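Here is the structure we will look at.
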Ligand code: 5GP
Ligand code: ZN
């Protein structure tokens, strides 16, 4: 594991390729993959290649890429409407304690899932 990653973290293991994932893209600083329990087709997660529970502990250079990546993903998925969601802390419904940003497409209900 690189020195910014944590041996006991599932998202660090995904970054490291020890746990399989459906990768969308990666940069030097961030990794982008499909959520295993999508709330809509194309539900994507963006994670910094820097282990931290909390967003306020992630260096700004990682965070600076998140919105540009979200824009690309929304375009690639072909959705106009979408939510960007970041649950930061247990009370805020965070379940995986490696900072992550959800990109969740929102479509008309007649179009099916999401
Ligand atoms: P949270 O509730 O912490 O904001 O979101 C955690 C997200 O990570 C959930 O949407 C969940 O489906 C997703 N997730 C948890 N474990 C895995 C995994 O092993 N692989 C992938 N691709 N997604 C995961
Ligand atoms: Zn981690």
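The numbers here are math on the coordinates, done by the rules we state, and not lab data. All figures in this text were calculated on a predicted structure; none of them were measured in a lab. Because the Cβ atoms are built from the backbone with ideal geometry, glycine has one as well, and the counts that use them run over all protein chains shown.
A few comments on the model shown:
- GNM result for the chain, Cα springs below 10 Å: residue of 91, 46, 24 fluctuating most strongly: 91
- In a fully extended conformation the segment linking residue 4 and residue 108 would gain 33.4 nm over its present Cα-Cα distance, using 0.36 nm per residue.
- Descending semi-axes in Å of region 10-111, equivalent ellipsoid built from Cα gyration tensor: 21, 15, 14
- For the chain, the longest principal axis of the Cα atoms and the long axis of helix 66-77 meet at an angle of about 40 degrees.
- Helical contribution to [θ] at 222 nm, DSSP H n ≥ 4, -39,500 (n - 2.57), averaged over the chain, rounded to 500: -5000 deg cm²/dmol
- Among 32, 96, the order by Cβ neighbours within 10 angstrom, fewest to most, reads 96, 32.
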